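I have placed the structure first, in the form of structure tokens, so that the comments after it can refer back to it.
The values are calculated or read from the model by the stated rules, or taken from the named source; none is laboratory data. A quick note: this is a predicted structure, and the numbers were derived from the prediction, not measured. Because the Cβ atoms are built from the backbone with ideal geometry, glycine has one as well, and the counts that use them run over all protein chains shown. SASA here: full protein model, heavy atoms, side chains in, ligands and nucleic acids out. Shrake-Rupley method; radii C 1.70, N 1.55, O 1.52, S 1.80 Å.
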Amino acid sequence: MTTTPVSPESSLSPSLIATLPGHFYTDPEIFRQEQERLFESMWFCAARSADLDKPGAFRTVQVGRESVIVSRNRKGELRAFLNICRHRGARLCTEESGEVKRSLQCPYHAWTYDLDGKLIAAPNLVKMPDIDRTAYGLVTVALREWLGYAWVCLADEPPSFEETVIGAAVERLGDTASIERYRTEDLALGRRITYDVKANWKLIVENFMECYHCATIHPELTEVLPEFADGYAAQYYVGHGAEFGDEIKGFTVDGSEGFAKLPEVADDQDRRYYAITVKPTVFINLVPDHVILHRMFPLAEDRTVVECDWLYAPEVVESGADVSKSVELFHRVNAQDFEACERTQPAMASRAYRHGGVLVPTEHHIAIFHSWLTEHLGGIGA
Ligand code: FES
Ligand code: FE
């Protein structure tokens, strides 16, 4: 039996660019390298600041191979620590979220840490006066707040937040003011939906970066944003936002009225949709009356949990207004996208995809993501 040979890159037509080979999406060793060199080395969007609404509130998140606690101290400041007791290494917090009164206590031998991570109590600690309570405090993780989210970085020397995180918005929109006008940090959570996607995180990024699929799988979105129906990657021209169709009143599942434009959003940003990818794991979607923010948690080479937040003006959420038509539009987009990614994942292990697939011209910018990735992996897997 013979199989049809898959074209190596050298024989591609000029309008096609090769994708990554299939094993980049299935190989546990490549995923391990991504954990080490991307998720544990770059700024990682871990938690929404307002979810930690009082001192002692905490959330545990998986960042690469590490579990990280994000919590609020007595002064109300956010702190992040490795979720590891300094005594014999037990995991301190096993719940995804919760609240403690004044301290974090290890369930194994009861070493107890204050909300700044300092060791404050342990059985017989007074009989060990030589123990430096700060040195045996929890291991601190770097933390920055931006857009109302806690971004953490496990690297000893974190990369520039301005360049690698805020820079992604600048690269996309042309300046920082354009995103600041949405005042995302002041918005309230209208809805959160968590998706457990059986696909490699890179398939989700690549899908988000192109609109070649929009006409096929996103009927509701292309109705609202007609220029997406051409598969034109307009969202990747600096400063360009896809314009609402003439008949469309708001960014809703049926094009009906949304809410009032966020007050500082400029007139030339009104009736437009902007998408920003903050590599490696965040997507930001800006529309006049709300912001949709996706955080990915890559858990395995073939599994990614995506937490998606719909954020509105506080008065919209407080008034109990019905946000369902506006949530439904992007929820459908998410479901359509993730189904496509899950449909693609099994092919990554097929001999048909040994040398990868191809990118058509409207997807060529995905190759920039691939170069970024292989550069960070230092040629591993090539
Ligand atoms: Fe935490 Fe012993 S491992 S107190
Ligand atoms: Fe899509």
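Structural remarks
- Residue check for I193: outside any loop (DSSP other than H, G, I, E, B) and within 16 Å of ligand 2 (Cβ to nearest atom): yes
- Only one entry of E220, E185, E180 meets the criterion of being surrounded by fewer than 20 Cβ atoms within 10 Å (Cβ to Cβ) and within 16 Å of ligand 2 (Cβ to nearest atom), and that entry is E220.
- Residues that are surrounded by fewer than 16 Cβ atoms within 10 Å (Cβ to Cβ), small (G, A, S) and either within 16 Å of ligand 1 (Cβ to nearest atom) or under 30 Å from F24 (Cα atoms) (or both), drawn from the stretch 311-340: A335
- Residue in the stretch 34-45 that is free of Cβ contacts under 8 Å to residues at least 12 places away in the same chain and either outside any strand (DSSP E or B) or away from ligand 1 (no atom under 16 Å from the Cβ) (or both) present: no
- Residue pairs whose Cβ atoms lie under 6 Å apart, separated by 6 or more positions or on different chains, with the first residue in the stretch 84-96 and without any contact (Cβ under 8 Å) to a residue 60 or more places away in the chain and the second more than 9 Å from ligand 1 (Cβ to nearest atom) and open to solvent by 80 Å² or more (accessible area, probe 1.4 Å), are R86/Y136.
- Top-ranked residue in the stretch 13-30 [being under 18 Å from E375 (Cα atoms) and touching a strand residue (DSSP E or B) at 6+ places or on another chain (Cβ under 7 Å); ranked as most open to solvent (accessible area, probe 1.4 Å)]: I17
- In the set (1) part of a strand (DSSP E or B); (2) on the phi > 0 side of the Ramachandran plot, the condition left unmet by L286 is number (2).
- Criterion violated by A90 - all others in (1) at pLDDT 95 or above; (2) more than 29 Å from the chain's Cα centre (by Cα); (3) part of a loop (DSSP other than H, G, I, E, B) satisfied: (2)
- Any hit, the stretch 308-325, residues being within 16 Å of ligand 2 (Cβ to nearest atom) and in a strand (DSSP E or B): yes
- The stretch 42-81, residues that are closer than 14 Å to T140 by Cβ and open to solvent by 30 Å² or more (accessible area, probe 1.4 Å): E66, E77, R79
- Remark: F228 matches the filter, which requires a residue to be assigned to a helix (DSSP H, G or I), over 16 Å from the mean Cα position of the chain (by Cα) and within 14 Å of E363 (Cα to Cα).
- Within the stretch 341-382, the set of residues being open to solvent by 30 Å² or more (accessible area, probe 1.4 Å), touching a helix residue (DSSP H, G or I) at 6+ places or on another chain (Cβ under 6 Å) and assigned to a helix (DSSP H, G or I) comprises T344, A347, Y353, H376.
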